[in-house]
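The values are calculated or read from the model by the stated rules, or taken from the named source; none is laboratory data. All values reported here derive from a predicted model rather than from experimental measurement. Backbone-built Cβ (ideal geometry, glycine too); neighbour counts: all protein chains shown.
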Amino acid sequence: MSSAEMNGMGKSRPLASLATLKTHLSIPLSDTSHDRDLEDCLFQVSAAVENYMERPVLLNEWEEQIRVRHDDSPLALKLGVWPILSVGAVIWEGQLLPEPMNGWSFNALCAILYPPGQCGWQPGLYVVQYRAGWIVAGMKNTEGDPLEATLPTDIQLAVLIAAQSFSHARRIPPSSRTQDRSHPSTDFFSLPPEATSLLNRYLPATMA
């Protein structure tokens, strides 16, 4: 079994709020003179955290292609983003599979999708449409109502620790040096050990 492609819909956003970072750095909320630099810092660090965790982590609608080899019949499909909230559709070789009476069965934290019957998944190309990821403060539902944050506190703390290290390395406020926030660069920044130690429990090998 191999994962071929994964796409998500939605805008990029940092894994911690500007207000939370300013509080962590002991910067008065009323002081907005460095907000732009701090926001850029959050985007850079959030991208580095997701890169370290080897997956996106924020709630989104995902469409993932998974190919099952002809000599394989797995008892589960491993998806790329978790926790899973819901599975909308499963398509096999271009055909929409009927949804089981009680909905698709999955393990939310392990990102495992089970077949509808007792047998394993048949060989072929699957397209799975599902909703997965954690919520950060400021995210809203389709009606515009705020959602309750679910991002684990140790992930947010790792972001804040890394952002503090990052801001000190760049000596915020720096001369203007910004990145495209839809594709933040992480080439010039490595997460400090204090941050990675908090993230290690969420790596794919430990969540399986």
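Regarding region 98-112, can at least one residue be identified that is under 19 Å from Ala149 (Cβ atoms), touching a helix residue (DSSP H, G or I) at 6+ places or on another chain (Cβ under 9 Å) and outside the structural domain of Tyr126 (by TED's automatic domain parsing)? Don't jump to the end; show me each part of the working.
Taking region 98-112 as the starting set, the residues that turn out to be under 19 Å from Ala149 (Cβ atoms) are 108-109.
Of the ones still in play, those that are also touching a helix residue (DSSP H, G or I) at 6+ places or on another chain (Cβ under 9 Å) are 109.
Okay, now just the ones that are also outside the structural domain of Tyr126 (by TED's automatic domain parsing), so none.
No, because not a single residue in region 98-112 is under 19 Å from Ala149 (Cβ atoms), touching a helix residue (DSSP H, G or I) at 6+ places or on another chain (Cβ under 9 Å) and outside the structural domain of Tyr126 (by TED's automatic domain parsing).
Quick check on region 140-151. Is at least one of its residues among the acidic types (Asp, Glu) and touching a Lys or Arg at 6+ places or on another chain (Cβ under 9 Å)? Can you show your working first?
Here is the first cut: in region 140-151, the residues among the acidic types (Asp, Glu) are 143, 145, 148.
From what is left, the residues that are touching a Lys or Arg at 6+ places or on another chain (Cβ under 9 Å) are none.
No.
Quick check on Leu75: is it assigned by TED's automatic domain parsing to the domain that holds Ile155, touching a Cys at 6+ places or on another chain (Cβ under 9 Å) and not in a strand (DSSP E or B)?
Values: assigned by TED's automatic domain parsing to the domain that holds Ile155: no; touching a Cys at 6+ places or on another chain (Cβ under 9 Å): yes; not in a strand (DSSP E or B): yes.
Considered against the rule, which asks whether it is assigned by TED's automatic domain parsing to the domain that holds Ile155, touching a Cys at 6+ places or on another chain (Cβ under 9 Å) and not in a strand (DSSP E or B), Leu75 comes out as no.
Could you list, in sequence order, all residues of region 34-80 that are under 19 Å from the mean Cα position of the chain (by Cα), among the polar types (S, T, N, Q) and surrounded by fewer than 19 Cβ atoms within 10 Å (Cβ to Cβ)?
Listed by number, the residues that qualify are Asn51, Asn60, Gln65.
Condition test on Gly144, is it over 27 Å from Leu198 (Cβ atoms) and out of contact with any Cys (no Cβ under 9 Å at 6 or more places or on another chain)? Step through it out loud before you land on a result.
Numbers: over 27 Å from Leu198 (Cβ atoms): yes; out of contact with any Cys (no Cβ under 9 Å at 6 or more places or on another chain): yes.
So Gly144 passes the test.
Filtering region 132-161 down to residues that are in a helix (DSSP H, G or I) and of a type in the set (A, V, I, L, M, F, W, C), which residue is nearest to Val57 (Cα to Cα)?
Within region 132-161, the first condition is being in a helix (DSSP H, G or I), and the residues that meet it are 153-161.
Filter once more, keeping what is of a type in the set (A, V, I, L, M, F, W, C): 155, 157-161.
Working: Ile155: 10, Leu157: 15, Ala158: 14, Val159: 13, Leu160: 16, Ile161: 18 Å.
Only one residue fits best here, namely Ile155.
Is there any pair with a first residue in region 11-37 that is without any contact (Cβ under 8 Å) to a residue 40 or more places away in the chain and a second that is outside any helix (DSSP H, G or I) and loosely packed, with under 15 Cβ neighbours inside 10 Å whose Cβ atoms are under 7 Å apart and which are 6 or more apart or on different chains, and what are they?
Ala19/Leu29; Lys22/Leu29
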